[in-house]
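Reviewing the structure listed below.
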Amino acid sequence: MESEPLLASAERSWCADPDFGSQERLQRSGPGSYCSTSTPSGPPGRGEARGPSLEEPNGNEDENLYVNQALVFIEDAIQYRSIDHRVDLNSLQLYRWYYSDLCQWILNVTIFVNLALAFIEKPSSLTVTSDVRYRKDAWEPPCGLTESVELLTFLLFIADLSVKSYLIGWTEFLKNKWLLGYLLALGVSLADWTVSLCFMCREGVRIRRLLRPFFLLQNSSLMKKTLKCIKRTLPEMGSVMLLLALHLCLFTMFGMLLFAHAKDSKVDFEWSRYFRNLPDSLTSLLVLLTTANNPDVMIPAYSYNRAYALFFIIFTVIGSLILMNLLTAVIYNQFRGYLMKSVQASLLRRRLGIRAAFEVLSFFRDVTSRERDQESCVDCDTFTKVLLKVKLDCDCKMAIIEQAKSCPGGVISAERFQKLFDELDKDPVRQHPPQPEYQSRFLQILQIVGSHRYFDYLGNVVALGNLLSICAVLMIDAEKSGVDRDDFFLGAINCFFILYYVLEMSLKIFSLGIKNYVSYTSNIFDGVLTFILLVLEIATFAIYKFPHPGWKPDMQGLLSLWEMVRLVNMFIVFRFLRIIPNMKVMALVASTVLDLVKNLRAFAGILVVVYYVFAIIGIDLFRGVIPNPGNVSSSDEAPGNETSPCGSFEQLEYWPNNFDDFAAALVTLWDVMVVNNWQVFLEAYARYASPWSKLYFVAWWLVSSVIWVNLFVALILENFIHKWDRSYRHSASLSPSQEVEYHMTVQLMFREDLEEPTDEELLERLHHHPHLHLSR
């Protein structure tokens, strides 16, 4: 039984069965009751007499139900969540508990632990180095240890799936592909886990390791949206990729014809090294497409005849400079379009949740008030009561409440109700606390000096001077040994500048007041680092006394004098970042980077998924194929560094780059993604494992470097352009005492391009709610 009508008003009603199967309320409902399961043939007009149940609802129980329904709908709207879930009182309590900070933290920790098991289980990454020459035998967990932890994560995943399935109902569960995939992944993982125990953890392949990233994907709605957008973008990429493949194949054929096997040894060197056969020719030009082997691939032929350079230059211009950049443009344009459609759906979810909350509260006003208005509306007091319980930023919450109180007559219409929540998309303007007032003329002048912007500029100049002095001393002492180095100059310089930083911080606190001082993030950054520097300097003086010429005391305590001075210098260099907020363009770039870190986690999450899957596949394919050079004779395929050709895997000593454990696999994939010298990996693994191993590395290059990096570049551009426009738009309208806090999200980046859903569209969507019925 999915739902039964609970609420029925004259012109519209929200209907939900709070008992979901219980007939108790239905049995005690009269003909005019809001629990009636029958639909009246002709609903009375607004203002007509109503049944006793409508005029006298079931006291606090019904009020609690309406308030909780509106509360959950508003929280769904804020978080862009779907409202297609159960709405009886018990389910709403379970729903809020499930989305509480504690439960979500437990779920996130469970996902993290499940993914992190790859570092501990066989092959373990618990060694100091991954270099096959120096790596010792790693500690391997006994059979059942990691499996027990894994089983615990599976049990929590089962509980998570059970709660989600119950909250949306069985019918909606069968329609949700992600939840069905969740169920399938758990089933396969448990079956594979059972096989591991049966084989005493000695099975060769663990399928469930490949399924672990799915648990991360299904828990993030934005990651699922992003993945869906990437999938829809792939066909549009196909045309450019096909053109790129055609370009590569044609030039490969030209290269094989141009550098065919010849009698002249000078020309033959190009053939023997780069164009001996079709796979080698394709690999050479594919690597040249990324410019990783330029100009190495050209040098043998170019040394013989300068005209051969035209072949490689034309190939690079068409492939790298035109087609690859065209691919970036296509990915940016198409992905942005699909992502904007996804964000449009998120906006619809928000508006739908807000309208659902309005309908619930407006009906609650109808059944508790004897006044019958022609237009649906919500009491301001009831709305305030609900909003105070909503999980929302306090400043934004207070702004919405203030706007609601300004509504005429103490009631809120449907249109005004939606506009109240436009505060969620606004950049909060923070007012700083007032400065203290001093009576003394001297103190007033001192306050003006300490709060003036030129005082900040002076601090930046002093910080720059401190940095330059450290660089000068380090350059002078660069070639000196520890015995010959005199730490007096650097210690004295640090003492002088740290004293200035303390005085600067004290003057600012005096001028602005402690509350005003800590209201600026830059001041908190300055103050914390200044306090750390002061503590370190006092500790240095306490242990090694004051600096003086020939200051070379013996090591005392945990750190030597040079190590303590070096630690102080590191914090001084870090403190120099204080100049960023004072340079608008630099501050904009820094805030863009911070926004990418904080709010575009979905793209990083998808990269984590891709890294994880490719690392597990790489371990299964290439584990142990890179031998220890000390165990290989000179006559074997793996020569030592002395006999290896220049630029080879062995000569470059790339021994730590292998797939012998999970951590080493991640680093190896990173090195290939950067594409610098990635031809070395192609050649080495083709030699040690199989020529077909090139397909693995080419696939990784396409997924990581071509697709994901281009997507990330596109989002960086979108974020930066949007922030640039918004910063200049607000700079003219704000006073110096006001500070705009930009909370950039993917939704806000496209906010101005989105279309607002109409009232009719919202009502139509609400009519199809699986657990609520809006009837007219």
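Among the residues of the stretch 377-398, just one is assigned to a loop (DSSP other than H, G, I, E, B) and either touching a Ser or Thr at 6+ places or on another chain (Cβ under 8 Å) or open to solvent by less than 20 Å² (accessible area, probe 1.4 Å) (or both), namely 390.
Checked against (1) open to solvent by 50 Å² or more (accessible area, probe 1.4 Å); (2) not in a helix (DSSP H, G or I); (3) not hydroxyl-bearing (Ser, Thr, Tyr), residue 232 passes all but condition (2).
Could you say which residue among 472, 478, 492 is farther than 24 Å from residue 449 by Cβ, at pLDDT below 85 and open to solvent by 60 Å² or more (accessible area, probe 1.4 Å)? Just a single option satisfies the conditions, and that option is 478. Among the numbered conditions (1) in contact with a helix residue (DSSP H, G or I) (Cβ under 8 Å, 6 or more places away or on another chain); (2) under 21 Å from residue 697 (Cα atoms); (3) open to solvent by 20 Å² or more (accessible area, probe 1.4 Å); (4) modelled with pLDDT of 85 or more, the only one that residue 328 does not meet is (4).
Of the helices (runs of 4 or more DSSP H) lying entirely inside the stretch 92-178, the ones with 3 or more residues being closer than 30 Å to residue 667 by Cβ and more than 23 Å from the chain's Cα centre (by Cα) are found at 145-168. Looking only at residues of the stretch 101-121 that are of a type in the set (S, T, N, Q) and open to solvent by less than 20 Å² (accessible area, probe 1.4 Å), we find that the one that is nearest to residue 221 (Cα to Cα) is 110. Here the condition is being in contact (Cβ under 8 Å) with a residue 40 or more places away in the chain, farther than 19 Å from residue 705 by Cβ and aromatic (Phe, Trp, Tyr); of 275, 259, 269, it holds for 259 alone. Looking only at the stretch 302-357, residues that are within 30 Å of residue 270 (Cα to Cα) and among the aliphatic types (A, V, I, L, M) come to 11 in all. For residue 357, are the conditions met, namely being over 24 Å from residue 82 (Cα atoms) and either hydrophobic (A, V, I, L, M, F, W, C) or at pLDDT 90 or above (or both)? Considered against the rule, which asks whether it is over 24 Å from residue 82 (Cα atoms) and either hydrophobic (A, V, I, L, M, F, W, C) or at pLDDT 90 or above (or both), residue 357 comes out as no. Exactly one residue out of 682, 621, 666 is at pLDDT 90 or above, open to solvent by 50 Å² or more (accessible area, probe 1.4 Å) and out of contact with any strand residue (DSSP E or B) (no Cβ under 9 Å at 6 or more places or on another chain), and it is 621.
Are any of the residues in the stretch 217-229 within 30 Å of residue 694 (Cβ to Cβ), of a type in the set (D, E, K, R) and either assigned to a helix (DSSP H, G or I) or open to solvent by 20 Å² or more (accessible area, probe 1.4 Å) (or both)? No, the stretch 217-229 contains no residue that is within 30 Å of residue 694 (Cβ to Cβ), of a type in the set (D, E, K, R) and either assigned to a helix (DSSP H, G or I) or open to solvent by 20 Å² or more (accessible area, probe 1.4 Å) (or both).
Counting only residues that are crowded, with 18+ Cβ neighbours inside 10 Å and part of a helix (DSSP H, G or I), the stretch 188-210 holds 5 of them. Remark: residue 426 falls outside the filter, which requires a residue to be open to solvent by 40 Å² or more (accessible area, probe 1.4 Å) and modelled with pLDDT of 85 or more.
The values are calculated or read from the model by the stated rules, or taken from the named source; none is laboratory data. Everything numeric in this text was worked out from a predicted model, so none of it was measured. Neighbour counts run over all protein chains shown; Cβ positions are idealised from the backbone, glycine included. Calculation scope for accessible area: heavy atoms of the full protein, side chains included, ligands and nucleic acids excluded. Shrake-Rupley method; radii C 1.70, N 1.55, O 1.52, S 1.80 Å.
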